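In what follows, a structure is listed as structure tokens, so that the remarks can point back to it.
The values are calculated or read from the model by the stated rules, or taken from the named source; none is laboratory data. Note that this is a predicted model, so its numbers are computed, not measured. Note that we place each Cβ from the backbone using ideal geometry, even for glycine, and neighbour counts take in every protein chain shown.
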């Protein structure tokens, strides 16, 4: 079934950090962690957003970045939004994996919090590395701690946890511990590095990609990845390591609204 | 059994990917050609310069139909060269859809596409949501004639004209294509439509209006193909709501030699082309035919 547009109201707004807000919707969505919604703000735009709450009323967690997210941050409880969800393929928790590692950078933590909750519910041991530029921008640390995950924190400026990137913490952690599976979401360059670290230890991994979407349901072709032909909105946004290895554009470029390649800045 | 010659092109089967679906890059088209099994693929409509198209929402989905207004986004023909070139090793004919704001723009893009290796050109005279292009040309006999004639005089590969049903008399437009020596007519493009959400109290699409495609377009499109086939001798390619082999057969009986499939990619997946082909074959067998040729135009 193709998810249809459902116009609903914002039920609750939670200020998570200075630049991040969660919007709880007046609707429930039967979804897997890692699936997303196309979120329509009438007169503004429609953008893909990871579902950050899927038990009970559904929610999205939004970083104020461009015009759309700025307008969304101005929304009030009771305002109308259009939702098409659940879309895409969520993260896959495998029965045989007992001990998993979750690595999230910045707003990339949004789909990983419900994943951690589900993993714990399934009896898995969860370790999480959560990173942000600074202490006040750390997202959902409490949600991971609440379900009993072992949490490592990194900040670019050293105001909390380890000073550095999530991948720095991951490198140190993998020297003394191993995991059955790894789940990664954050800036693409971070995901490339995290995937390399996991691969070196032969840990099966999933990443969640971000691309420019138009239809969000797999027919317009805007988010097709070069090299593999996967549609990020349909076969993704989550991909296994062996799938993403076939996608030559991963870590290199994305395509803008016209379809023109835009190269990532290497840090 | 399903191979057919359309406007000089030898197709292994009569299903073509319609323009505007999966065509942003060569990778998407390749997936349709290889995994999907299309007999030919039509690129997204290409213009002179890169164009972002309309803001989202660009699509509204219903049970078996869509209203969409992407606004002809594309990279511009120079960037698109490498996308087309990726398709050479698939051995599936590539039809380049082109549009322009001015006849000279249609000609420039068509010439480039021929040079990049396209097997045919499809002139977009059908698209309703991008200003003075597409259906702006296809709604005038005179402009249709001029665009087709100008492009025909500059390229050697076959030229298709994709027409809109948003006209008083589609047959007179089809005749203008024939007079201008078009090699085939594609009928039809999406029909102007809109959706208003009653709770938001606003049009859903950012462009306000869009184009209707999918199942609900089929009876209109079959009627157009039938009317054109009665009056015009050049090949016709049916387009609109082909989801199954049975849908395709209706078009063949109405006089079309091939069909384009777009919206059904959403409802039946990328492999819809293979599925439709199997269904056409089983129809032909059950009716005692040994080739597709035998049923073209039987209902005329």
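Which of the residues that make up segment A:107-131 are over 30 Å from residue A:96 (Cβ atoms) and not in a helix (DSSP H, G or I)? Don't jump to the end; show me each part of the working.
If we filter segment A:107-131 for residues that are over 30 Å from residue A:96 (Cβ atoms), which is where we start, we get A:107.
Within segment A:107-131, no residue meets the criteria.
Could you please let me know if residue B:35 is more than 10 Å from chain A (Cβ to nearest Cβ) and at pLDDT below 95?
Values: more than 10 Å from chain A (Cβ to nearest Cβ): no; at pLDDT below 95: yes.
In short, no.
Yes/no per residue for (1) within 14 Å of another protein chain (Cβ to nearest Cβ); (2) under 17 Å from the mean Cα position of the chain (by Cα); (3) surrounded by fewer than 19 Cβ atoms within 10 Å (Cβ to Cβ); (4) at pLDDT 95 or above:
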| residue | (1), (2), (3), (4) |
| --- | --- |
| A:7 | yes, no, yes, yes |
| A:20 | no, yes, no, yes |
| A:27 | yes, no, yes, yes |
| A:37 | yes, yes, no, yes |
| A:45 | yes, no, yes, yes |
| A:52 | no, yes, no, yes |
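Regarding residue B:62, is this residue closer than 27 Å to residue A:227 by Cα, within 8 Å of another protein chain (Cβ to nearest Cβ) and in contact (Cβ under 8 Å) with a residue 60 or more places away in the chain? It would help to see each step written out before you state the result.
Values: closer than 27 Å to residue A:227 by Cα: no; within 8 Å of another protein chain (Cβ to nearest Cβ): yes; in contact (Cβ under 8 Å) with a residue 60 or more places away in the chain: yes.
No, not satisfied.
Any residue at all in segment B:91-101 that is more than 16 Å from the chain's Cα centre (by Cα), farther than 14 Å from residue B:120 by Cα and within 12 Å of chain A (Cβ to nearest Cβ)?
no
How many residues does segment A:253-264 contain that are touching a residue at least 40 places away in the same chain (Cβ under 8 Å), in a strand (DSSP E or B) and in contact with a helix residue (DSSP H, G or I) (Cβ under 9 Å, 6 or more places away or on another chain)?
Filtering segment A:253-264 for residues touching a residue at least 40 places away in the same chain (Cβ under 8 Å) gives A:254-257, A:264.
This time we only want the ones that are in a strand (DSSP E or B), so: A:254-255.
If we keep only those that are in contact with a helix residue (DSSP H, G or I) (Cβ under 9 Å, 6 or more places away or on another chain) as well, we get A:254.
Adding up the residues that qualify gives 1.
Within segment B:188-217, track down each residue that is touching a residue at least 12 places away in the same chain (Cβ under 8 Å) and part of a strand (DSSP E or B).
Filtering segment B:188-217 for residues touching a residue at least 12 places away in the same chain (Cβ under 8 Å) gives B:188-195, B:204-217.
Of everything in segment B:188-217, those that are touching a residue at least 12 places away in the same chain (Cβ under 8 Å) and part of a strand (DSSP E or B) turn out to be B:191, B:192, B:193, B:194, B:209, B:210, B:211, B:212, B:213, B:214.
Output the residues belonging to segment B:41-59 that are surrounded by fewer than 24 Cβ atoms within 10 Å (Cβ to Cβ) and not in a loop (DSSP other than H, G, I, E, B).
Within segment B:41-59, just B:51 meets the criteria.
May I ask you to verify whether residue A:121 is surrounded by fewer than 24 Cβ atoms within 10 Å (Cβ to Cβ), at pLDDT 95 or above, within 18 Å of residue A:51 (Cβ to Cβ) and out of contact with any strand residue (DSSP E or B) (no Cβ under 7 Å at 6 or more places or on another chain)? It would help to see each step written out before you state the result.
Values: surrounded by fewer than 24 Cβ atoms within 10 Å (Cβ to Cβ): yes; at pLDDT 95 or above: yes; within 18 Å of residue A:51 (Cβ to Cβ): yes; out of contact with any strand residue (DSSP E or B) (no Cβ under 7 Å at 6 or more places or on another chain): yes.
Yes: the conditions hold for residue A:121.
Considering (1) farther than 28 Å from residue B:10 by Cα; (2) not in a strand (DSSP E or B), say which one residue B:106 fails and leave the rest.
The single condition residue B:106 does not satisfy is (1).
Out of B:224, B:177, I need the residue that is in contact (Cβ under 8 Å) with a residue 60 or more places away in the chain and in contact with a helix residue (DSSP H, G or I) (Cβ under 6 Å, 6 or more places away or on another chain). Which one?
On the way: B:177 fails: in contact (Cβ under 8 Å) with a residue 60 or more places away in the chain.
Of the residues listed, the single one that is in contact (Cβ under 8 Å) with a residue 60 or more places away in the chain and in contact with a helix residue (DSSP H, G or I) (Cβ under 6 Å, 6 or more places away or on another chain) is B:224.
Taking segment A:132-151 only, how many residues are in a loop (DSSP other than H, G, I, E, B) and closer than 19 Å to residue A:179 by Cα? So that I can check it myself, show each step before the final result.
First, pick out the residues of segment A:132-151 that are in a loop (DSSP other than H, G, I, E, B): A:133-134, A:138-140, A:147-149.
Now drop any that are not closer than 19 Å to residue A:179 by Cα, which leaves A:147-149.
Adding up the residues that qualify gives 3.
Kindly indicate which of A:71, A:76 is outside the structural domain of residue A:207 (by TED's automatic domain parsing), free of Cβ contacts under 8 Å to residues at least 60 places away in the same chain, surrounded by fewer than 20 Cβ atoms within 10 Å (Cβ to Cβ) and more than 19 Å from the chain's Cα centre (by Cα). Talk me through it step by step, then tell me what you get.
On the way: A:76 fails: free of Cβ contacts under 8 Å to residues at least 60 places away in the same chain.
None of the other options fit; the residue is A:71.
Tell me whether segment A:239-252 contains one or more residues that are without any contact (Cβ under 8 Å) to a residue 60 or more places away in the chain, touching a helix residue (DSSP H, G or I) at 6+ places or on another chain (Cβ under 7 Å) and within 11 Å of another protein chain (Cβ to nearest Cβ).
no
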